[in-house]
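Everything below concerns the one structure shown next.
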Amino acid sequence: MTIGNFQSGYPTPDGITSAVQGLSEALLKQGHQVVIYGYGPIDAQPTFQHVPGLRTLHFDSGLNPFRAPRPLLDRLEMNTDQLDILIIHGMFNAPNVSIGRSAMKGRIPYVICPHCPYHSTLLEKHRIRKNIYGTLFEKPLLRSASAVQVFCSKHADLLRTYGIESRIMIVPNGLDPLQVRPAQSSDPRMLSGDPKLLFLGRLDTHHKGLDLLIRGLGRALRSGRIPATTVLTLVGPDDGDGAALRKLVRRENICAQVAFTGKAADPARWQILQSCDLFVLSSRYDGFAMAVTEAMMVGKPLLLSTETANFHWIRDASCGFFAEPSVESICHGLIEAIERRHEWTQMGERARLFASEKLTWARAAVTAAENYANLLETLNRKQLSGSFSGDAGINEYASN
């Protein structure tokens with residue numbers, strides 16, 4: 001197959017960019033042709049090393065931030081790259097609409113990969129704006145897609161609740177085990193505390209549930225059931241909520257038990273992961289968090305929110321603890337995890353084995369390719385049998 005991937009911000013580094021790159025490289029190794037389309041400032045620096053055979057086409061962002069560049073749209077409408085299928089990444093992203101319309105004009109089946117669930121908590125934030133945009137653009141884009149690619153069955157259920165009945169593909173994110181730095185690079189002095197708890201990601205209070213985590217930690221400490229020497233270190237770029245989170249820490253009177261370090265780049269990122277005792281993610285909603293897989297690959301036990309896609313893949317792996325995104329549940333999760341710290345080494349080893357076997361990009365690429373091939377076969381059968389009635393919908397949507 002010739003598989004296209006569109007991500008508006010590529011190659012600007014973020015979680016989606018890393019996922020697009022990782023899956024693309026793995027599909028290429030399987031023998032597929034892969035093209036990545038992105039746009040932005042024409043002088044954007046490449047984020048990834050050149051991979052022979054992987055085509056990356058970067059377009060100048062132009063003047064209209066709500067529409068993909070005209071040369072890119074023309075390329076899709078003419079199907080210059082002879083794509084068999086196009087994967088459009090991201091959600092509530094205006095340029096995706098023009099990309100979808102151009103793909104349909106070029107007779108290219110497209111799949112939407114939102115990378116985040118259409119969770120009620122996500123939809124509630126900026127609710128009026130999202131309702132209007134959803135009605136006018138997001139839902140028509142999803143309904144006209146040949147399929148929607150999600151991370152787990154829970155995300156498929158959320159999609160149905162959002163009113164979308166499109167075909168579903170379930171494909172997890174992965175990690176290349178060769179990215180993992182060797183364990184001997186660990187430096188226990190990088191983190192303080194006993195035990196050492198780690199959150200690694202954007203300091204986004206609402207999305208990542210960091211207010212719940214800080215309040216849950218405060219409650220657990222006041223209960224006297226976890227050591228006063230426990231320290232939670234928050235590592236990641238400030239998404240605008242850093243000052244409010246520090247204020248919350250002071251209000252909870254746990255300044256000695258919470259540390260902020262800012263963003264960490266490789267190799268310090270891997271050293272920090274290897275130095276922690278327990279990895280914590282308390283999201284109110286989340287896609288497939290890459291940091292969770294990274295922690296598993298280095299053999300760390302987890303305390304994980306049930307509202308992450310990762311939870312639905314690893315809940316039966318016996319490699320950690322789970323909590324609902326609430327102060328009470330996180331408090332109980334922290335207490336249980338620390339009271340069972342004698343099991344952490346064995347849990348970490350189970351996490352490492354599970355991730356190494358089931359959460360690699362090679363494994364994800366096999367699943368993705370099978371889904372894409374089955375979709376194309378279904379579409380071809382419908383066209384050959386004369387039962388495919390999608391042309392009218394395509395023309396109607398493309399002309400809007």
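Annotations
- Ratio of the Cα radius of gyration of the chain to 2.2 N^0.38 Å, where N counts its residues: 1.03
- Distance between the 7 Å Cα→Cβ label points at Ser166 and Arg225: 4.4 nm.
- Footprinting exposure proxy for Arg215, Arg107 (fewest neighbouring C-beta atoms within 10 Å first): Arg107, Arg215
- Amide H contacts of Val280 (H built 1.01 Å from N, in plane; Pro and chain starts excluded): Leu198, Phe199, Leu200, Leu303 sit under 5 Å, all sequence-distant by 5 or more or on other chains.
- The distance between label points at Asp266 and Ser192 comes to 3.0 nm (points 7 Å beyond Cα on the Cα→Cβ vector).
- Cα lying deepest toward the dipole's positive end in the chain, options Gly40, Leu248, Thr12, charges on Cβ: Leu248
- Exceedance of the 24 Å cut-off in Cα-Cα distance is limited, within the set Lys130/Lys382; Lys125/Lys247; Lys263/Lys358; Lys29/Lys105; Lys196/Lys263, to Lys130/Lys382; Lys263/Lys358; Lys29/Lys105.
- Amide H contacts under 5 Å for Val231, placed H, 5+ residues apart: Asp194, Leu197
- Considering only Cα atoms, the convex hull volume of the range 85-171 works out to 79 Å³ per residue.
- Here Lys247, Lys358, Lys105 are placed in order of increasing Cβ neighbour count within 10 Å, fewest first, which gives Lys247, Lys358, Lys105.
- GNM flexibility winner over the chain from Gln149, Gln21, Gln49 (Cα, springs under 10 Å): Gln49
- Contact order relative to length of the range 1-122, as percent, for alpha carbon pairs under 8 angstrom and 6 or more apart: 27 percent
- Residue-wise HN-Hα couplings along the range 286-295, as the Karplus relation 6.51 cos²θ - 1.76 cosθ + 1.60 with θ = phi - 60° gives them from phi, are 6, x, 9, 5, 5, 5, 5, 5, 4, 4 Hz; Gly and Pro carry x.
- J(HN,Hα) series, the range 325-331, from Karplus relation 6.51 cos²θ - 1.76 cosθ + 1.60, nearest Hz, glycine and proline x: x, 8, 4, 5, 5, 5, 4
- Highest-fluctuation residue, Gly201, Gly216, Gly242 considered, GNM on the chain with Cα pairs under 10 Å: Gly242
- Among His50, His119, His126, a tally of other beta-carbon atoms within 10 Å of each Cβ gives an order, fewest to most, of His50, His126, His119.
- Angle of helix 95-105 to the longest C-alpha principal axis of the chain, folded into 0 to 90 degrees and rounded to 10: 30°.
Each reported figure results from applying straightforward, stated rules to the coordinates on display, with no laboratory input. Small disclaimer: the values here were computed from a predicted structure and weren't measured. In this analysis, Cβ positions are derived from the backbone assuming ideal geometry, glycine residues included, and neighbour counts consider all displayed protein chains.
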